[in-house]
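Written out below as structure tokens is the structure these notes cover.
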Amino acid sequence: MKSVVVHAGGRVLVEDKPLPHIKSADDVLVKVYCSGLCGSDIPRIFHEGAHFYPITLGHEFSGIVTQTGSGVTDLKAGDLVSCVPLQPCFNCPECNRQLWSQCKNYHFIGSRSHGGNSEYITVPRNNLFRLPEGTTPTEGAFFEPMTVSLHTMVLAGGCKDKDVIIIGAGTIGLLAMQCAAALGAKSVTAIDINPTRLELSRTLGAKYTYNSAEMSADDISRELDERRFDQLILETAGSPQTVELAIKIAGPQAQIGLIGTLHNDLSLNAQTFGLILRKELKILGSWMNYSGQWPGVEWDTATRLFTAGKINLSALIAVQGEPQVYANAVTALDGKPMNGKIMLDFSDNETH
Ligand SMILES: [Zn+2]
Ligand SMILES: [Zn+2]
């Protein structure tokens with residue numbers, strides 16, 4: 001079978017690999033249809049950030065069940081599934097409290113073990129989410145990134161009747177906007193420094209857009225004045241500047257959901273820190289996409305939104321193609337962030 005393999009030094013090669021086999025009773029053999037490149041994969045590919053090399057990445061993928069282990073009773077050949085990549089131990093105090101992402105003994109498909117950038121992969125039953133009839137393989141590959149902001153919304157107690165402000169109009173931000181609009185936000189605002197991304201935000205549910213390269217935090221706050229109560233701000237850009245911006249533009253008692261990972265240190269001066277106290281801000285750290293009953297309500301919500309046709313994905317995808325097309329597109333990034341999702345597609349000419 002074909003597999004897209006990452007070697008040390010940023011080499012991304014299409015290679016032939018032996019077909020995987022079912023090894024335990026709860027294993028499921030999946031024929032992969034569609035697999036997205038995640039921002040977190042960039043350091044794994046280009047900056048020696050993988051746990052081992054060579055590695056087959058891919059933790060945002062969909063596929064069709066082709067064979068099940070003897071202990072699997074609730075999935076059958078032909079079912080469309082989405083990968084749930086976290087592998088908590090299900091057995092520690094954190095797991096007993098259903099704090100899956102806090103498990104200390106976890107594994108992760110596509111980082112601590114080989115992932116879905118192969119024609120076939122075996123996955124334990126717990127790491128598959130069955131998709132309802134009518135879901136497309138492309139949608140299936142977006143469950144993982146989509147549930148990231150849905151998790152923050154769960155932590156925030158939902159976004160109904162809130163003015164939701166999304167900082168960063170990358171894949172996570174553009175999905176968050178559509179989710180917020182579909183889940184009853186009073187208004188959706190997008191903030192980014194890229195005019196094209198802001199334009200796109202307007203077509204995907206953002207009523208207001210502000211360019212933070214052209215506007216100061218004070219300018220943006222003035223614009224937000226009438227929407228300053230009941231704010232939920234989602235920081236998805238992951239830079240020190242945008243975290244600071246979130247604190248500065250927040251209204252009284254606003255919730256700030258921090259989603260983006262920082263790669264540089266954040267330092268706040270005393271005055272900016274004081275804003276957290278004065279405005280009584282509620283800072284919500286958000287990690288991965290799991291809650292309550294495994295894998296979590298986020299995954300059911302994603303199902304509902306996709307089934308209802310509320311999420312436009314085509315505008316988010318820059319490249320979708322077979323292994324060599326995908327490998328070329330990834331190589332061309334040369335360590336830089338994606339501008340639009342890069343998708344590996346094994347579904348040949350099947351409709352999706
Ligand atoms: Zn990811
Ligand atoms: Zn655990």
Is the stretch 100-107 home to any residue that is of a type in the set (Gly, Ala, Ser), surrounded by fewer than 17 Cβ atoms within 10 Å (Cβ to Cβ) and within 16 Å of ligand 1 (Cβ to nearest atom)?
-> yes
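Residue by residue through the stretch 1-32, note down the ones that are aliphatic (A, V, I, L, M) and part of a loop (DSSP other than H, G, I, E, B).
Filtering the stretch 1-32 down to residues aliphatic (A, V, I, L, M) leaves 1, 4-6, 8, 12-14, 19, 22, 25, 28-30, 32.
The answer is Met1, Ala8, Leu19, Ile22, Ala25.
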Can you tell me which residue within the stretch 85-99, out of those that are surrounded by 15 or more Cβ atoms within 10 Å (Cβ to Cβ) and near ligand 2 (Cβ under 8 Å from one of its atoms), is farthest from Phe143 (Cα to Cα)?
-> Cys92
Consider Lys160 carefully, then state whether it is within 16 Å of ligand 2 (Cβ to nearest atom), surrounded by fewer than 23 Cβ atoms within 10 Å (Cβ to Cβ) and more than 18 Å from the chain's Cα centre (by Cα).
-> no
Can you give me the number of residues within the stretch 253-265 that are over 17 Å from Ser149 (Cα atoms), surrounded by 10 or more Cβ atoms within 10 Å (Cβ to Cβ) and touching a Pro at 6+ places or on another chain (Cβ under 8 Å)?
-> 0
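Of all the residues that make up the stretch 74-87, how many are within 22 Å of Gly36 (Cα to Cα) and either assigned to a loop (DSSP other than H, G, I, E, B) or small (Gly, Ala, Ser) (or both)?
The first filter runs over the stretch 74-87 and keeps only residues within 22 Å of Gly36 (Cα to Cα), leaving 78-87.
Filter again for either assigned to a loop (DSSP other than H, G, I, E, B) or small (Gly, Ala, Ser) (or both), leaving 78-79, 82, 84-85.
Selection size over the stretch 74-87: 5.
Might you check whether a residue that is assigned to a helix (DSSP H, G or I) and touching a residue at least 12 places away in the same chain (Cβ under 8 Å) occurs anywhere in the stretch 274-293? Let's see the steps before the verdict.
As a first pass, look at the stretch 274-293 and keep what is assigned to a helix (DSSP H, G or I): 274-278.
Pick out the ones that are also touching a residue at least 12 places away in the same chain (Cβ under 8 Å) and you get 275-276.
Yes, the stretch 274-293 contains at least one residue that is assigned to a helix (DSSP H, G or I) and touching a residue at least 12 places away in the same chain (Cβ under 8 Å).
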Exclusive hit being in the same structural domain as Phe129 (by TED's automatic domain parsing), under 21 Å from Asn127 (Cα atoms), hydroxyl-bearing (Ser, Thr, Tyr) and part of a loop (DSSP other than H, G, I, E, B), set Ser35, Ser62, Ser70 = Ser70
Working only within the stretch 319-342, note down all residues that are over 21 Å from the mean Cα position of the chain (by Cα) and without any contact (Cβ under 8 Å) to a residue 60 or more places away in the chain.
-> Glu322, Val325, Asn328, Ala332
Out of Phe46, Phe108, Phe90, which single residue is of a type in the set (Phe, Trp, Tyr), out of contact with any Cys (no Cβ under 9 Å at 6 or more places or on another chain) and more than 25 Å from Gly321 (Cβ to Cβ)?
-> Phe108
What number goes with the only condition from (1) of a type outside the set (Asp, Glu); (2) away from ligand 1 (no atom under 16 Å from the Cβ); (3) in contact with a strand residue (DSSP E or B) (Cβ under 7 Å, 6 or more places away or on another chain) that Gln87 does not pass?
-> (2)
Considering each residue of the stretch 91-112, count those that are of a type in the set (S, T, N, Q) and under 19 Å from the mean Cα position of the chain (by Cα), and give that number.
-> 3
Across the stretch 266-318, which residue is farthest from Ser35 (Cα to Cα) among those that are under 19 Å from the mean Cα position of the chain (by Cα), polar (S, T, N, Q) and surrounded by fewer than 17 Cβ atoms within 10 Å (Cβ to Cβ)?
-> Thr307
Matching option when the condition is surrounded by 20 or more Cβ atoms within 10 Å (Cβ to Cβ), without any contact (Cβ under 8 Å) to a residue 40 or more places away in the chain and assigned by TED's automatic domain parsing to the domain that holds Thr203, among Ala237, Ala250, Ala246 | Ala250
Sort out which residues of the stretch 18-46 are out of contact with any helix residue (DSSP H, G or I) (no Cβ under 8 Å at 6 or more places or on another chain) and away from ligand 1 (no atom under 16 Å from the Cβ), and write them in order of number.
-> Pro18, Leu19, Pro20, His21, Ile22, Lys23, Ser24, Ala25, Leu29, Val30, Lys31
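The values are calculated or read from the model by the stated rules, or taken from the named source; none is laboratory data. Fair warning: this is a prediction, and the values are worked out from it, not measured in the lab. Cβ coordinates were reconstructed from backbone atoms using ideal geometry, including for glycine residues, and neighbour counts include every protein chain displayed.
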